[in-house]
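Structure, as structure tokens:
The values are calculated or read from the model by the stated rules, or taken from the named source; none is laboratory data. Remember, it's a predicted structure, so these values are computed and weren't measured experimentally. Cβ atoms come from the backbone with ideal geometry, glycine included; neighbour counts cover every protein chain shown. Surface areas here come from the heavy atoms of the whole protein model, side chains and all, with no ligands, DNA or RNA. Shrake-Rupley method; radii C 1.70, N 1.55, O 1.52, S 1.80 Å.
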2 protein chains.
Amino acid sequence: MNKNTAVTIKDIANALNLSASTVSRALRGMPEIHPETRQAVLQLAEDMDYQPNQLAKNLVKSRTKTIGLILPTLSYHFFASMLNSIEEAAMQAGYSVVVCQTNESYLREVAQIQNLLHSQVEGVIMSLARDTSDFEHIYRLQRKNMPLVIFDRYSTDIDASRVIVDNHEAAFKATQHLIENGCQRLGCMAGPPHLLISNERLRGFKDALEHYGLPYNERYVFHNDFTQENTMMQALNMMSLPTPPDGILTMTDRIAFATMYAFKQKGIRIPEDVAIVSFNNEPTCIYLSPSLTSVNQPIQEMGAQVVRLLLKQLENDQPVVAETIVLSTQLMIRESSMVEGRKK
Amino acid sequence: MNKNTAVTIKDIANALNLSASTVSRALRGMPEIHPETRQAVLQLAEDMDYQPNQLAKNLVKSRTKTIGLILPTLSYHFFASMLNSIEEAAMQAGYSVVVCQTNESYLREVAQIQNLLHSQVEGVIMSLARDTSDFEHIYRLQRKNMPLVIFDRYSTDIDASRVIVDNHEAAFKATQHLIENGCQRLGCMAGPPHLLISNERLRGFKDALEHYGLPYNERYVFHNDFTQENTMMQALNMMSLPTPPDGILTMTDRIAFATMYAFKQKGIRIPEDVAIVSFNNEPTCIYLSPSLTSVNQPIQEMGAQVVRLLLKQLENDQPVVAETIVLSTQLMIRESSMVEGRKK
DNA sequence: AACGTAACCGCAAACGTTTGCGGATGATGT
DNA sequence: ACATCATCCGCAAACGTTTGCGGTTACGTT
């Protein structure tokens, strides 16, 4: 370990008959050091393979140059990709990121926040767990003036910067697409009932129905918990209603995958019997048969904006007002919703 | 930020007319403190919402309780899942993990290692980038006695602990499965030619052919760079050989997905025209049509073993010998390889 | 010859902890 | 009465940096 061998600024200072402060200044290229001595210091530092001790540096500057990222889970493509783009953007800015997963659990979320608080991250980025409906832990974070930005799964009860997509519009357009392609009885596979973005999408779904004069029926709306079993069961239940839907909007691709899987096993044809439009546009969508129509979210852009908003809070020391960036989406139309024959 | 308000051990000490050392000891429950004063300290710490400064603590103990994780990319399901399980296991042990992606680039790999060295992680876990064939940066890491464990993409030129699967055996069995299901002319979509695990799998493929007295032909082996375009092109090239293969082993699911996608567009039927067996067993495999036969790697177990090996090096201060754990795999048989009709 | 002024560098404090050592206090044994 | 010993606590150094302030040179100006 470097602890036993670690060469410090003092070692260099002693070897050169200088003071630690001079060496420190020389290493950082400050102007009040004679070029010759600077050169000597730099040379020796190189030779001795000097590595500055970040811990000490951090202590005096009270900065860690790390940000905490709290995610529901990494096994969803969307969140893994967000980590991907956030890490990228953070690295560009010289920050490193420590990841924590809540596994969709509220309790783990508060524990992880506690951890991050202790480990002196400079700011946190998060997306809410499926199960959290109480925000006291978030408020605690904010009371400590911890810079915070929330993306995707947010809540209006939290006054923090956020970057999201226009879920209402996206769902409206997706539903519109189904309707214009001939669907008449629309169903919706939604997420947990207290998850705001799911409800916004549901609202978009509803508004589209209303706009086109189609009936909205609660019985065609199912709230699931994102698990495959639950989803498959509900999907089959929906299709065994007296007059089953001929078009379904699902809140995530995972829900769509499970739904399609269930349908395939029961011989329900997509899109002939029922068309499907989904959210997230995972790469997998194009590989399925039929390929899956899905709403694309600009993940790269979201990641970039998220860290931009965080940096804004980090670099300015006077508190900056919460800002919300809403990005637009794009419906990627594929086979699962192409019901030309049914069109009227 | 907590920097302006932060309550320190000294604040507690002053308020209670104690010394900092006493407070420190009281907080950590050391025995030489009178129960009454300990109680008072604990109480006040609670009231003032004292949060120990990890930076200072780290400095004196020279420990950061963080480990660095270097991955090729997070957009492959396998690596995202490994991060998932590693983070889980690390958290159990009280460590947090900072992630870095190399994006498969050698240059980024050395840069990331440099970063980690500076940021004082206690150990690093990594899987090699596609493009790295020189290991000087790894040796540098080891010369600094940085605990290291490598998983999945390793190299025999690096003397470090590693956890891998038995790639040869897995490929052998996968190929065996194809042969026993009636395939006669076997092709292989391999990874980059210098990637060890790809070659081990290729060797397993070869040995299986030999074992069954089937010919091995270089022209039926393609090395790609993991990109979709490249893969699709090669896949089609392979099928336009004079006598195209009737069974293909692909090195990763991503390669298989792209291959199947290309075949679908050209009307090549799976498994009727050509059967496919792959590696990684991504969740997507079951959703495809046909569902994809794939080798499952025990990701949870791998993550657990990886951090176990790292912890072993971290907790023991006398250097521990490199250890290699090889886990076994499981072939998940699905539709893409079920060519009953062709069986003889 | 005296002075002002750069240019260059060192002292020491600070960041918030932990920890070896020793001091004060009171109790106990003789 | 004294020595012995536990118990409880404080002093100060240490971890490796950064930084305000001041000190020393050497040089050019008057």
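Of all residues in the range A:18-61, count the ones that are in contact (Cβ under 8 Å) with a residue 24 or more places away in the chain, within 15 Å of DNA strand D (Cβ to nearest atom) and either small (Gly, Ala, Ser) or on the phi > 0 side of the Ramachandran plot (or both). Total satisfying the criteria: 2.
Being at pLDDT 95 or above, within 11 Å of chain B (Cβ to nearest Cβ) and either within 24 Å of the chain's Cα centre (by Cα) or surrounded by fewer than 16 Cβ atoms within 10 Å (Cβ to Cβ) (or both) is a condition met by no residue of the range A:315-325. For residue A:334, state whether it is in contact with a helix residue (DSSP H, G or I) (Cβ under 8 Å, 6 or more places away or on another chain), open to solvent by 30 Å² or more (accessible area, probe 1.4 Å), within 13 Å of chain B (Cβ to nearest Cβ) and not aromatic (Phe, Trp, Tyr). Yes; evaluated as a whole, the condition is true for this residue.
Filtering the range A:140-153 to residues that are within 14 Å of chain B (Cβ to nearest Cβ) and either open to solvent by 50 Å² or more (accessible area, probe 1.4 Å) or not basic (Lys, Arg) (or both) leaves A:140, A:141, A:142, A:143, A:145, A:146, A:147, A:148. Residues in the range A:5-17 that are within 11 Å of DNA strand D (Cβ to nearest atom) and open to solvent by 50 Å² or more (accessible area, probe 1.4 Å): A:5, A:6, A:8, A:10, A:11. Restricting B:243, B:252 to residues that are farther than 30 Å from residue B:94 by Cα, hydroxyl-bearing (Ser, Thr, Tyr), modelled with pLDDT of 95 or more and open to solvent by 20 Å² or more (accessible area, probe 1.4 Å) narrows the list to B:252. Residue B:117 meets the stated requirement of being part of a helix (DSSP H, G or I) and either more than 10 Å from every other protein chain (Cβ to nearest Cβ) or of a type in the set (A, V, I, L, M) (or both).
Just give me the residues in the range A:1-40 being in a helix (DSSP H, G or I) and more than 9 Å from DNA strand C (Cβ to nearest atom), in sequence order. Step through it out loud before you land on a result.
Initial filter on the range A:1-40 (in a helix (DSSP H, G or I)): A:2-5, A:9-16, A:20-27, A:35-40.
Selection gives A:2, A:3, A:4, A:5, A:9, A:10, A:11, A:12, A:14, A:15, A:27, A:39.
Suppose we keep only residues that are within 9 Å of another protein chain (Cβ to nearest Cβ) and among the polar types (S, T, N, Q) within the range A:90-114. Which one would you say is nearest to the chain's Cα centre (by Cα)? Here the answer is A:101. Return the residues of the range A:90-138 that are without any contact (Cβ under 8 Å) to a residue 24 or more places away in the chain, in contact with a strand residue (DSSP E or B) (Cβ under 8 Å, 6 or more places away or on another chain) and more than 24 Å from residue B:70 (Cβ to Cβ); say none if nothing qualifies. Hit for the range A:90-138 is A:108, nothing else.
Return the total of residues in the range A:166-182 being buried (at least 24 other Cβ atoms within 10 Å of the Cβ) and closer than 14 Å to residue A:202 by Cα.
Taking the range A:166-182 first, the residues buried (at least 24 other Cβ atoms within 10 Å of the Cβ) are A:167, A:171, A:174-175, A:178.
From the residues that got through so far, the ones that are closer than 14 Å to residue A:202 by Cα too are A:167, A:171, A:174-175.
Count: 4.
Return the residue satisfying two criteria in turn: it lies in the range A:41-61 and is within 12 Å of DNA strand C (Cβ to nearest atom) and polar (S, T, N, Q), and of such residues it is most open to solvent (accessible area, probe 1.4 Å). Per the stated criteria, the residue is A:53.
Table: residues versus (1) among the polar types (S, T, N, Q); (2) open to solvent by 40 Å² or more (accessible area, probe 1.4 Å); (3) assigned to a loop (DSSP other than H, G, I, E, B).
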site: B:90; (1), (2), (3): no, no, no
site: B:99; (1), (2), (3): no, no, no
site: B:121; (1), (2), (3): no, no, yes
site: B:134; (1), (2), (3): no, yes, yes
site: B:138; (1), (2), (3): no, no, no
site: B:157; (1), (2), (3): no, yes, yes
site: B:163; (1), (2), (3): no, no, no
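Among residues of the range A:70-89 that are at the interface with chain B (Cβ under 10 Å from one of its Cβ atoms) and under 16 Å from residue A:284 (Cα atoms), those with a beta-carbon under 9 Å from a residue that is assigned to a helix (DSSP H, G or I) and among the aromatic types (Phe, Trp, Tyr) at least six positions away or on a different chain give the pairs A:80/B:79. Taking residue B:259 as the residue in question, decide whether it is under 29 Å from residue B:217 (Cα atoms), in contact with a Ser or Thr (Cβ under 7 Å, 6 or more places away or on another chain), open to solvent by less than 50 Å² (accessible area, probe 1.4 Å) and touching a residue at least 60 places away in the same chain (Cβ under 8 Å). Here the answer is yes, as residue B:259 does meet what is asked.
Just one of (1) part of a loop (DSSP other than H, G, I, E, B); (2) surrounded by fewer than 15 Cβ atoms within 10 Å (Cβ to Cβ); (3) free of Cβ contacts under 8 Å to residues at least 60 places away in the same chain fails for residue A:290. It is (2).
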